[in-house]
Structure formats: C-alpha cells, structure tokens
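Before any comments, here is the structure.
None of the figures in this text is laboratory data; all of them are computed from the coordinates on show. As the structure is a prediction and not an experimental result, all values here were calculated from the model. All Cβ positions, glycine included, derive from the backbone under ideal geometry; neighbour counts span all protein chains shown.
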Amino acid sequence: MEIQVKQISSLSKVYLDGKGEFYEIKKARVLKGERYSYQIAYKTDERFTAKISVESELKKYITVRAVGNVASELPCYPDKTFCAERTEPGLFPDVLYPVCNEHFIKPQNWFALWITVEVPCDIDAGKYEIKVKLHKDDEEIASEKLVLTVIDAVLPAQTLINTEWFHADCIADYFNFPVFSEEHWNSIESFMNAFVKCGNNMILTPVFTPPLDTKIGGERTTVQLVDVKKEADTYTFNFDKFRRWVALAEKCGIKYFEISHLFSQWGAFAAPKVMAQADGEYKRIFGWETEAAGEEYSAFLHAFLPELIAVIEELGIKERTYFHVSDEPSDEQEESYTKAKNVIVDLLKDFTIIDALSDYEFYEKGLIKQPIPSTGSIEEFIEKGFENRWTYYCCGQGEELSNRFFSMPLSATRIIGTQLYVYDIKGFLQWGFNFYNSAHSLRHINPYEVTDADCAFPSGDSFLVYPYENGAIMSIRGEVIFESLQDMRAMQLLESLIGREKVLEKLEKKFGDIKFRFYPRGTEAMLAIRETINDMIAKNS
C-alpha cells in the first residue's frame, strides 16, 4: 500500500485532484483561549478503514473531523473571477464531518482530516506536541507532528457585533419538523451553537416571518415567534415563543438581537407576512397586498411595538436589541422607505435601526442613523465622516474583495478580520448563515446538492453550515471566518499593549496599505500577518 501524507495550513483547500496549494506546517503559535485548526492531507491507493489516534498533553481539547466535498455549479460569477482559485463547476472541499476513532479511507484522490485545538484560557504557556497517527489493521501507516507554542497572553473577548442571518424556517423545512415543535427547538439550539462557533453574537429574531429573499407574491414557511389574535380592530399578543427564543439564544452565548424586518425587502412597499387567529381561523392578515405605510398596518404596528418593547425591557435586552426597516433599499425606493420608517420611528426612538444599504444619500439625508454599507461602498461613507462603522458583504462583493465563496482561496476569506480591525468596524452583517432555499425562495434545496441557490449566488454565499443528524455541522469556511475574527481580537489585544497607532504602523510598514479591495494575498502573507501580531504580543506581554 502507498500513502502520501502532508500536514498543511487550515487555509489550504485539498481538492480531489491534489492541484490546490499544500502549505505545509510543522509549528504554530497561539494565544490562550484561541481555537487553532490545521489539516492532514492524504492520498492512498487502497480503500480501507483507518484508526486515528492523537497523542498530546492537549488531547482532551482536540477534535478530528473529515473534510467532505460538495458540488458547485456556480463557483463564482463568470465576469468576476479576479480572486477565484477555481472557476469551473465541480466538487469543492467544504463540509466538516464528525470523526470518531475510525475513518473510512477512500482511494485514488486527495482528502483531508481537519484537526482543531481548543486552547484553554488557563493553560500554562509553552510548547506542546501534537501527534496524529493513522493505523491500518493495528499497523501505523502514517504519523504527523505539530509543535504548538502557547503564548503567555489570553485572547480577549470579541467586541465586534457580528451577525449572519439565521433562517429558522430552513431548519424546519430541511428536517421536515413542524415549526416550533420540540424537534424544531432542539435543532434550532444545535444551529445556534454552530452560529456562535462561527463567531456570531447577534441573531435575526423572527417576530414575524422575515420578508427576505422571497418572490413578490410568494411566501416562505411561517416562523412567527409572536402569536397574534385579532378581534374586530383590536389585537392581542402572546410572546411566549419569543421569550423562549431569547432565553435559548443567551444560553448558547448570543448577546445581541435584531428584530426581523418590519417591512418588505428592496424598498419597504409592503408589510411582511403576519399570521393571526382571526374570524375563527388561523390566517394571514398582512402580506404583499398590504401597503407598508397604510392605515391598517400602521395601526397594527402601533399596537404591537409597544408591547414588544415592554417584553424586551422585561427580559433585560433593551440595550442589546436592534430593529430593521427594509433590506437593501435603492435610491429609487427612497420615498417608500421613508414612509415606512416614519411609521415606526417615534415608537423606536430608544432603539438603533440598522439596515444594509449602500446609497450614501440615505445616510446624508438623515433617513437612517446607522446604515450598513457593503465592503465595496463603505469608503465613500468613511470619506464623508461615517463614524460608528458597520459593513456587510453578500453575493455582490467579490473579485478583489474578501468573501467566502467556494471559488476563493481561504486566505481571501480570512483577511476580513484584519480589514475589520484596520477600518475600526463595530458591526458586520452577512445574510446567509443557513439559507437552504433557491433564490427568491421558490423551492427548498438540499445544501449537499445545491450550493448556489439554483445558480443565483456563488456557492458559499447563502450558507455557512450544513444540516446533519437533526442539527448543524460546520464548514471549513466557517472555521476560517472564526480564525479571522480571532485575528481581529489578537490585534485588539496588541492595541491594549502598545496602542492602536503603533499596531497600524507596524502592519503598514510590513504589509503595505491594507484596504478592503487591496491587501496582501495568499496563505503565506495571511499567516505572516498573524505571526507578526503574535510576535509583538509575546514581546510586549
């Protein structure tokens, strides 16, 4: 039997044909409290079941997963290939499957094991060896060793408010669970735990079914946390499920809450779908046919929002709760957005309203105090005095910009944390944590088979985790995004030791001017950025 083995960075994608980058590593440095990952790539000419063993003082903090391949028909838009590692449809390494002590080895192609070390905050600084061995029939056939040095400093907590939109309906749809059944709630908890492991700490909270990526006139599966009862022109509300959602989110480590959009996407011309017990039946009372700023829906919001706010205050999350009007309005939709916002602005005067939009005029005219421009358009906002900076990316931010598409090298995914630090970003948004629908929610999809929302968005844009055994499992992109946020936290730690000006000065001197569109590219450069930060922390701690 022949076997080839290489110990490589988490930023190397192991393609089946072996033609990707194999950035080999033998040692690494981490901070206390950091999560560190690397890979062991292998290729063999035989098909067998291997036993995997880990030898290390850190063994109880180490997990091994297998990198699985999934299909992509649209790895990137055909006219936006600048940063693409691969542009042709095919199989891409992405999903991380759990591995026990045994793992089935497939022949003839390259595969990888993903090794993750959860370094405790209270561990002693120093060097730790990690040996991973493969055995066939009790015979050792491969062994790799990594020397992990723990720096005598603790990674600080994340200050960035980070959200990727959480789609509770897609969980129910995929597993065929009745919405908010106990099975659904258990699965939501698993997804929330994965949500936090990706570095998210703010969650989209569906008081009503979020009016996101839905064809005009269409509907998504109802996931409405607030029960509504209508009698004549009077509304009553039950917030039990909302309370349960908040409690579960906080249990999983989520701190911030964003209430689902109160008006339709792309212009706020209609109400979201609102279901209620009315006239002796459970039915939709508002939706696409309902004028956003019309008298009926305005009256409803004036009845609903004060009661929601009272519950938010009761739960002690007022300072951690944000609201939305409408997602991604354009300049042509300024009038409808303004009318909708004016319906609620007085009711929400004590809350921050955030919306993803990239038209500076909305901000300049005072239509929104806390816009979230894209990484491709934020420069204009900053040049004109944008202070409390939030940003987002989605399918439209590719090419030179960092993103998380299958087609991109993982170094281009990881650089976002460094960019967020350099730009002093306070909040980051991405729309698809687990969107398992086609574009416009025309149909439900299997994310193992369809990764591009029916060739609408580059694969990787619409979800970051996979459904698995009634819960969620991670992707390599989710792990790398978490690494990027750890980079940001490490830079903040260094800032606390030497000051922000000196951190930026060091980065610019060694790596040039880091911008959203222009930055050091490649695995070696990305790892060098982090190693520079580690080195300075070690010297100044």
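Cross-link partners among lysines for LYS251, C-alpha distance below 22 Å, same-chain residues fewer than 8 apart left out? By straight Cα distance, LYS251 reaches LYS197, LYS241, LYS318. Within the set [x] 76, 51, 47; [y] 98, 73, 45; [z] 61, 49, 49, the number that Cα extents along the principal axes in Å takes when calculated for this structure is listed as [x].
For segment 257-286, backbone nitrogen atoms closer than 17 Å to the point 7 Å from ASN238 Cα along Cα-to-C-beta are found at 275-284. Placing a label point 7 Å from the Cα of ALA125 along the Cα-to-Cβ direction, the residues of segment 478-497 with a backbone N closer than 18 Å are 490-497. Simple spin-label estimate for LYS59 and LYS215 gives 5.6 nm between the two label positions (7 Å along the Cα-to-Cβ direction from each Cα). The GluC sites (Glu not before Pro) found in segment 236-300 that occupy coil by DSSP, while having at most 16 further C-beta atoms within 10 Å, are GLU289. Projecting the Cα positions of TYR519, PHE386, VAL226 onto the charge dipole of the chain (unit charges on Cβ atoms of Lys, Arg, Asp and Glu, taken about the Cα centre) puts TYR519 furthest along the positive direction.
Given the pairs LYS32/LYS127; LYS51/LYS145; LYS26/LYS127; LYS369/LYS426; LYS229/LYS341, which are separated by over 21 angstrom at their Cα positions? Before the final figure, lay out each step's value.
Working: LYS32/LYS127 12 Å; LYS51/LYS145 17 Å; LYS26/LYS127 13 Å; LYS369/LYS426 14 Å; LYS229/LYS341 25 Å.
Checking Cα-Cα distances, LYS229/LYS341 exceed 21 Å.
Bridge orientation summary for segment 3-152: considering DSSP beta bridges with both residues in this region, about 90 percent are antiparallel.
Phi angles across segment 318-323 convert, under the Karplus curve 6.51 cos²θ - 1.76 cosθ + 1.60 with θ = phi - 60°, into 3J(HN,Hα) values of 4, 6, 10, 10, 10, 10 Hz, Gly and Pro given as x. Ranking THR290, TYR256, VAL311 by how far each Cα lies toward the positive end of the dipole of segment 233-318 (charges on Cβ) leaves TYR256 at the top.
Here the label points at ARG517 and LEU91, each 7 Å from Cα along the C-beta direction, are separated by 3.8 nm in the simple model. Helical content of the chain, expressed as a calculated mean residue ellipticity at 222 nm, amounts to -8500 deg cm²/dmol (DSSP H runs of 4 or more residues, -39,500 (n - 2.57) each, divided by residue number, nearest 500). Using Cβ point charges alone (K and R +1, D and E -1), the dipole size of the chain about the Cα centre works out to roughly 1660 debye. For segment 256-276, the residues whose backbone nitrogen is under 18 Å from a point 7 Å from the Cα of HIS440, taken along Cα to Cβ, are 264-270, 273.
Of all DSSP bridge pairs formed entirely within the chain, close to 70 percent run antiparallel.
The residue list HIS135, VAL147, ILE62 was ranked by how far each Cα lies along the charge dipole of segment 1-151 toward its positive end, using unit charges on Cβ atoms, and VAL147 comes out on top. Packing order of peptides 405-415, 129-139, highest average first: 405-415, 129-139 (average count of other Cβ atoms within 10 Å over each peptide's residues).
Go through 58-66, 167-175 and give me the packing order, highest mean Cβ count within 10 Å leading. Don't skip to the answer; put the middle values down first.
On the way: 58-66: 16.0, 167-175: 23.0.
Ranking the peptides 58-66, 167-175 by packing returns 167-175, 58-66.
Centroid-to-centroid, using Cα positions, segment 70-95 and segment 251-296 are 36 Å apart. In whole Å, what is the distance between the alpha-carbon centres of segment 142-213 and segment 345-398? Comparing the Cα centres of segment 142-213 and segment 345-398, I get a distance of 25 Å. Taking 0.36 nm per residue of separation and subtracting the current Cα-Cα distance, fully stretching the chain between ASN109 and GLU399 would add 101.5 nm. Remark: segment 3-152 carries a charge dipole of roughly 160 debye about the Cα centre, counting +1 on each Lys and Arg Cβ and -1 on each Asp and Glu Cβ.
Assigning unit charges at the beta carbon (Lys, Arg +1; Asp, Glu -1) and nothing else, what dipole magnitude in debye, to the nearest 20, does segment 133-271 show about its Cα centre? The calculation lands at about 460 debye.
Tell me the trypsin sites (Lys or Arg not before Pro) within segment 285-384 that lie in a loop according to DSSP and have at most 11 other beta-carbon atoms within 10 Å.
Values: sites: LYS318, ARG320, LYS339, LYS341, LYS349, LYS365, LYS369, LYS384; in loops: LYS349, LYS365, LYS369, LYS384.
The qualifying sites are LYS349, LYS365, LYS369, LYS384.
FRET efficiency for GLU46 and GLU524, Cβ-Cβ distance as r, R0 = 35 Å, nearest 0.05? Once the sixth-power term is evaluated, E becomes 0.55. The packing ranking of peptides 392-402, 11-21, 194-204, highest mean first, is 194-204, 392-402, 11-21, where packing means the average number of other beta carbon atoms within 10 angstrom of each residue.
Diagonalising the gyration tensor over the Cα atoms of segment 3-152 and scaling each eigenvalue by 5 before taking the square root yields semi-axes of 28, 21, 12 Å, largest first.
Within the chain, which complete DSSP H helices have Cα atoms spanning at least 15 Å along the helix axis and a mean Kyte-Doolittle hydropathy of -1.0 or higher?
Working: long enough: 182-197 (23 Å, -0.57); 240-252 (18 Å, -0.60); 295-314 (29 Å, 0.56); 334-344 (16 Å, -0.96); 410-422 (19 Å, 0.82); 476-498 (33 Å, 0.40); 500-511 (16 Å, -1.33); 523-540 (26 Å, -0.04).
Qualifying helices: 182-197, 240-252, 295-314, 334-344, 410-422, 476-498, 523-540.
Taking every DSSP beta bridge that has both ends in segment 157-274, the antiparallel portion is near 55%.
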